[in-house]
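The values are calculated or read from the model by the stated rules, or taken from the named source; none is laboratory data. This one's a predicted model, so the numbers in the text were calculated from it and none came from an experiment. Positions of Cβ are generated from backbone atoms using ideal geometry, with glycine treated the same way; all protein chains shown enter the neighbour counts. Just the protein is used for accessible areas: all its heavy atoms, side chains included, with ligands, DNA and RNA removed. Shrake-Rupley method; radii C 1.70, N 1.55, O 1.52, S 1.80 Å.
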Amino acid sequence: VGFKLGETLTVEQLLYALLVQSANDAAEILAENFPGGRPAFITAMNAKAAQLSLLHTHFINPTGVDESGHYSSAADLARLAGTALKDPEFARIVSTENTIVSNRVLTNVNELLGKVPGVLGVKTGFTDGAGQSLVTLVNRDGHPVIMVVLGSLDRFGDSEKLITWIYTNFHWE
């Protein structure tokens, strides 16, 4: 987002920047201001991953950028999203299409929001090593599904196809 040194922001503003616009600088600011700083933040991230039984996840940095030893799996990301979505504030933030933070207009990177019926957000990602990724919550007719696309060349197209397939082929009883 381009936050400036000395700029005063709330945690909520940083969460909007992080989760709506995928701002790595917001993640770094949150980590640096955690009690004990960035190293303690990363330790806390890994402790939370262990508490949630995310057996194929290990954090080396707060942003998700490519770094040796930093990894996760689709199953772990779905479990993490399911846990995070129980927090109403998190759910509200990740479903936000546009917002203003510190005089900056932020637009959600998730192109499916407001375009594909039932999509309620969650989180996009991209690195050279991992390719395009998208964790999506979609809820149609009271049937919520969390899905994860990793290593995609077209995360939004692939996710849209999966959503169509799921709600066309799966029948809830």
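Scan region 162-173 for residues that are open to solvent by 20 Å² or more (accessible area, probe 1.4 Å) and either among the hydroxyl-bearing types (Ser, Thr, Tyr) or touching a residue at least 40 places away in the same chain (Cβ under 8 Å) (or both) and report the count. Of the residues in region 162-173, 3 are open to solvent by 20 Å² or more (accessible area, probe 1.4 Å) and either among the hydroxyl-bearing types (Ser, Thr, Tyr) or touching a residue at least 40 places away in the same chain (Cβ under 8 Å) (or both). Of 122, 135, 105, all but one fail to be in a strand (DSSP E or B), in contact with a helix residue (DSSP H, G or I) (Cβ under 9 Å, 6 or more places away or on another chain), closer than 17 Å to residue 12 by Cα and at pLDDT 95 or above; the exception is 122. Counting only residues that are farther than 30 Å from residue 97 by Cβ and among the hydroxyl-bearing types (Ser, Thr, Tyr), region 1-60 holds 2 of them.
Considering region 46-66, the residues that are touching a residue at least 12 places away in the same chain (Cβ under 8 Å) and among the small types (Gly, Ala, Ser) include one that is most open to solvent (accessible area, probe 1.4 Å), namely 53.
This table checks each residue for (1) buried (at least 16 other Cβ atoms within 10 Å of the Cβ); (2) more than 16 Å from the chain's Cα centre (by Cα).
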position: 83; (1), (2): no, no
position: 86; (1), (2): no, no
position: 125; (1), (2): yes, no
position: 136; (1), (2): yes, no
position: 143; (1), (2): no, yes
position: 160; (1), (2): yes, yes
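The criterion of being within 24 Å of residue 108 (Cβ to Cβ) and aromatic (Phe, Trp, Tyr) holds for residue 3.
Tell me yes or no: at least one residue of region 19-27 is surrounded by 12 or more Cβ atoms within 10 Å (Cβ to Cβ), under 14 Å from the mean Cα position of the chain (by Cα), in a loop (DSSP other than H, G, I, E, B) and not hydrophobic (A, V, I, L, M, F, W, C). Yes: region 19-27 contains one or more residues that are surrounded by 12 or more Cβ atoms within 10 Å (Cβ to Cβ), under 14 Å from the mean Cα position of the chain (by Cα), in a loop (DSSP other than H, G, I, E, B) and not hydrophobic (A, V, I, L, M, F, W, C). Please list, ordered by first then second residue, the pairs with beta carbon atoms under 8 Å, 6 or more apart or interchain, first in region 18-45 and aromatic (Phe, Trp, Tyr), second surrounded by fewer than 19 Cβ atoms within 10 Å (Cβ to Cβ) and outside any helix (DSSP H, G or I). Sorted first by the residue in region 18-45, then by its partner, the pairs are 41/34.
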